[in-house]
Amino acid sequence: MSIDLQTAARVAKLARIRVDDDALPALADEFNTILGFIEQLGEVDVEGVEPMVSVTPMRLKRRADEVTDGDRQRAILSNAPDAREGFFAVPKVVE
Amino acid sequence: MMTDLNALTIAEARDRLRGKDITATELTEACLARIEDAGALGAFVHHTIDVAREQAAQADKRLQGREEAPALCGIPLGIKDLFCTRGVASQAGSRILEGFRPEYESTVTAQLFDAGAVMLGKLNMDEFAMGSSNETSVYGNAVNPWRRQGDDAALTPGGSSGGSASAVAADLCLAATGTDTGGSIRQPAAFTGITGIKPTYGRCSRWGIVAFASSLDQAGPMTKSVRDAAIMLGAMCGHDPKDSTSADLPVPDFEAMLTGDIRGKVIGIPREYRMDGMSAEIDALWAKGRAMLEDAGAEIRDISLPHTKYALPAYYVIAPAEASSNLARYDGVRYGHRAKLAPGDGITEMYEKTRAEGFGDEVKRRVMVGTYVLSAGFYDAYYNRARKVRTLIKRDFEQVFADGVDAILTPATPSAAFALGEMKDADPVQMYLNDVFTVTVNLAGLPGIALPAGLSGEGLPLGLQLIGRPWEEGDLLNCAYTLERAAGFVAKPEKWW
């Protein structure tokens, strides 16, 4: 499996990370090195083996579905790069 | 000669604080002075002097009280930048969290402060804990206080908890918090001649710790002795309803379990950890550790963990996959950095520019690798296959434990600390090989401890690792304590900074 420039560009797009065109060849090379390393997993016989879901065999705890917290608008917005009138502000999303 | 207060262990300081021989304020001031003087180490990246003095004053009041204060009362600690600390910068070593001041306190730091611990400041680390040399940090490198004999080259303290390791080894604090996803507590501990334990997955709450790979991340203490690791671990762990993977199990008194008696315990030596091209020095250290445990009355048994070779490749699928999902939250909307936008830029450009500016190269690489292995058409071939291999790796350990092995002895790292910049031209996989002995432990969710056991020919510390059964940190620490006493490692770096 080899990553070409188009695939590298597509992955960057999916990850929402801008990558300049002239940086794509180096990025594709690095992907190929890492994926080449990962390819070794193909040697392992995994027939009938369950993929691990949880490393400790514990049931996740359940809790009552009720409101236990709230009224923290100020705290939640306090680190926002742009907050206005009690909301997070972002560039226009819908034309 | 009187030991400088900052050079005390937690256990020594606790006894002297309780004995009214010293005060928390004196102890804290000794550390602050030493930190002031250690800028060249790049260990402390946010100083919290006012917080430290206030907490020390509170601790002194508590130490005057009628009830016996907790062991950590008045003990000055450094906190890895990955832990969210209320009102104090918590950036995970990343530009994308510049200016972020959490409105909440991580469970682990809250427990430490409830026990009376003093926070001296936040410690350097690889960005989002992704790295093995602390060279991916937005703050610049942390530097190892150790140097090779007759050589001024600056060495890495390891990573990702490089600032924690450097600070503890240089006596800037009594101990520090670390986190470990693939070896990030144990590798830096080994590179700097200190002790670091990663507990069983689920022992420490992950709530309020910036997430890297949630199924692998665990917090743990980095300390000057095994006893200190036992004391501090006890204060860090325990059930937390805010972390659904936190274990609802009682926390034993780990320190009380340090008897130094391991007679009859079975120590496994895994043959797959004898890597091709392993240095003679590391091999000799491993043999020495084996002999010391045998002398202490343990039974040494050669064992096999057949899937060891596939641990790193499985890790480099699973960890980036989880990271790509966890780091999706850095979008420039709710906290941290947002890129300046050009006229006409929409929300997608905001995400793409923000993440391009905010993340460093290694983080971008891993997020994109994770995105790729989770993408349509590759999910089964990479991600599901890696999770199956992870099942097999865990099964290897379960098998040897079922056969009666109590703990497993391995080298902690393939080499002593290397020079900063030395890996600059190497491909990313070369750097990943640093974690070859540690990463299996995260994949299997087991407790692992690294402790110093000798010096290299160049005068640098070398560490051994012990791996324990799940939830049996107490026995593991006792085994490490026995090894520590036999190894008698007392060397300290000579002050050059």
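Only a single criterion out of (1) at pLDDT 95 or above; (2) touching a helix residue (DSSP H, G or I) at 6+ places or on another chain (Cβ under 6 Å) is not satisfied by A:ILE76, namely (2).
Taking into account only those residues within segment B:124-157 that are of a type outside the set (Lys, Arg) and under 21 Å from B:VAL490 (Cβ atoms), which is surrounded by the most Cβ atoms within 10 Å (Cβ to Cβ)?
Let us first name the residues in segment B:124-157 that are of a type outside the set (Lys, Arg), namely B:124-146, B:149-157.
Now drop any that are not under 21 Å from B:VAL490 (Cβ atoms), which leaves B:144-146, B:149, B:155, B:157.
Numbers: B:ASN144: 31, B:PRO145: 26, B:TRP146: 26, B:GLN149: 11, B:LEU155: 23, B:PRO157: 35.
Once the filter is applied, the top-ranked residue is B:PRO157.
Any chance segment B:375-385 includes a residue that's of a type in the set (A, V, I, L, M, F, W, C) and over 27 Å from A:ASP21 (Cβ atoms)? Yes, segment B:375-385 contains a residue that is of a type in the set (A, V, I, L, M, F, W, C) and over 27 Å from A:ASP21 (Cβ atoms).
Could you go through segment B:394-414 and let me know if any residue there is of a type in the set (Val, Ile, Thr) and without any contact (Cβ under 8 Å) to a residue 60 or more places away in the chain.
Narrowing segment B:394-414 to residues of a type in the set (Val, Ile, Thr): B:400, B:405, B:408, B:410, B:413.
Those left that are additionally without any contact (Cβ under 8 Å) to a residue 60 or more places away in the chain: none.
Within segment B:394-414, not a single residue is of a type in the set (Val, Ile, Thr) and without any contact (Cβ under 8 Å) to a residue 60 or more places away in the chain.
Are any residues in segment B:100-109 part of a helix (DSSP H, G or I) and under 22 Å from B:ARG334 (Cβ atoms), and if so, which ones? Result: B:THR107, B:THR109. Inclusion of B:GLU281 among residues that are closer than 30 Å to B:ALA211 by Cβ, among the charged types (D, E, K, R), in contact with a Gly (Cβ under 7 Å, 6 or more places away or on another chain) and more than 9 Å from every other protein chain (Cβ to nearest Cβ) is not warranted. Evaluated against (1) over 22 Å from the mean Cα position of the chain (by Cα); (2) facing chain B (nearest Cβ under 9 Å), A:ARG16 falls short on exactly one condition, (1). The residues in segment B:190-204 that are more than 16 Å from B:ALA487 (Cα to Cα) and either out of contact with any strand residue (DSSP E or B) (no Cβ under 9 Å at 6 or more places or on another chain) or of a type in the set (A, V, I, L, M) (or both) can be counted, and the count is 1. A single member of B:ALA13, B:ALA56, B:ALA33 is surrounded by fewer than 24 Cβ atoms within 10 Å (Cβ to Cβ), hydrophobic (A, V, I, L, M, F, W, C) and not in a loop (DSSP other than H, G, I, E, B), and it is B:ALA33. Scan segment B:64-96 residue by residue and report those that are free of Cβ contacts under 8 Å to residues at least 24 places away in the same chain and either of a type in the set (A, V, I, L, M, F, W, C) or closer than 30 Å to B:TYR335 by Cβ (or both). Of everything in segment B:64-96, those that are free of Cβ contacts under 8 Å to residues at least 24 places away in the same chain and either of a type in the set (A, V, I, L, M, F, W, C) or closer than 30 Å to B:TYR335 by Cβ (or both) turn out to be B:ARG86, B:GLY87. In this entry, A:ASP65 is excluded by the filter for residues that are more than 10 Å from chain B (Cβ to nearest Cβ) and assigned to a helix (DSSP H, G or I). Out of the residues in segment B:80-118 meeting the condition of being surrounded by fewer than 24 Cβ atoms within 10 Å (Cβ to Cβ) and of a type in the set (A, V, I, L, M), tell me which one is farthest from B:ALA59 (Cα to Cα). Going through the qualifying residues, I end up with B:ALA89. Restricting A:LEU35, A:LEU77, A:LEU41 to residues that are at the interface with chain B (Cβ under 9 Å from one of its Cβ atoms), farther than 28 Å from B:TYR382 by Cα, within 25 Å of the chain's Cα centre (by Cα) and of a type in the set (A, V, I, L, M, F, W, C) narrows the list to A:LEU77. The requirement of being closer than 30 Å to B:ALA230 by Cα and surrounded by 17 or more Cβ atoms within 10 Å (Cβ to Cβ) is not satisfied by B:ILE300.
Restricting to segment A:22-32, and then to whatever is without any contact (Cβ under 8 Å) to a residue 12 or more places away in the chain and more than 7 Å from every other protein chain (Cβ to nearest Cβ), can you tell me which residue is surrounded by the most Cβ atoms within 10 Å (Cβ to Cβ)? Talk me through it step by step, then tell me what you get.
Taking segment A:22-32 first, the residues without any contact (Cβ under 8 Å) to a residue 12 or more places away in the chain are A:22-23, A:26, A:29-30.
From what is left, the residues that are more than 7 Å from every other protein chain (Cβ to nearest Cβ) are A:22-23, A:26, A:29.
Values: A:ASP22: 7, A:ALA23: 15, A:ALA26: 12, A:ASP29: 13.
Once the filter is applied, the top-ranked residue is A:ALA23.
Residue under question is B:ALA235, and the condition is that it be away from chain A (no Cβ under 14 Å), surrounded by 15 or more Cβ atoms within 10 Å (Cβ to Cβ) and closer than 30 Å to A:THR68 by Cβ; does it hold? In short, yes. Restricting attention to segment B:424-445, the residues that are under 21 Å from the mean Cα position of the chain (by Cα) and either of a type in the set (D, E, K, R) or assigned to a loop (DSSP other than H, G, I, E, B) (or both) add up to 6.
Quick test for you: out of A:VAL55, A:VAL93, A:VAL46, pick the one residue that is within 7 Å of another protein chain (Cβ to nearest Cβ), touching a Ser or Thr at 6+ places or on another chain (Cβ under 7 Å), β-branched (Val, Ile, Thr) and in a loop (DSSP other than H, G, I, E, B). Quick ask: steps written out before the conclusion?
Details: A:VAL93 fails: touching a Ser or Thr at 6+ places or on another chain (Cβ under 7 Å); A:VAL46 fails: touching a Ser or Thr at 6+ places or on another chain (Cβ under 7 Å).
Going through A:VAL55, A:VAL93, A:VAL46 in turn, just one is within 7 Å of another protein chain (Cβ to nearest Cβ), touching a Ser or Thr at 6+ places or on another chain (Cβ under 7 Å), β-branched (Val, Ile, Thr) and in a loop (DSSP other than H, G, I, E, B): A:VAL55.
Rundown of residues vs (1) touching a residue at least 12 places away in the same chain (Cβ under 8 Å); (2) closer than 18 Å to B:PRO320 by Cα; (3) loosely packed, with under 10 Cβ neighbours inside 10 Å, yes/no style:
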site: A:ASP4; (1), (2), (3): yes, no, no
site: A:ARG16; (1), (2), (3): no, yes, no
site: A:ILE34; (1), (2), (3): no, yes, no
site: A:VAL44; (1), (2), (3): no, no, no
site: A:GLY48; (1), (2), (3): no, no, yes
site: A:ALA64; (1), (2), (3): no, no, yes
site: A:GLY86; (1), (2), (3): yes, no, yes
site: A:VAL90; (1), (2), (3): no, no, no
site: A:VAL93; (1), (2), (3): no, no, yes
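The values are calculated or read from the model by the stated rules, or taken from the named source; none is laboratory data. All values derive from a computational prediction rather than experimental measurement. Cβ coordinates were reconstructed from backbone atoms using ideal geometry, including for glycine residues, and neighbour counts include every protein chain displayed.
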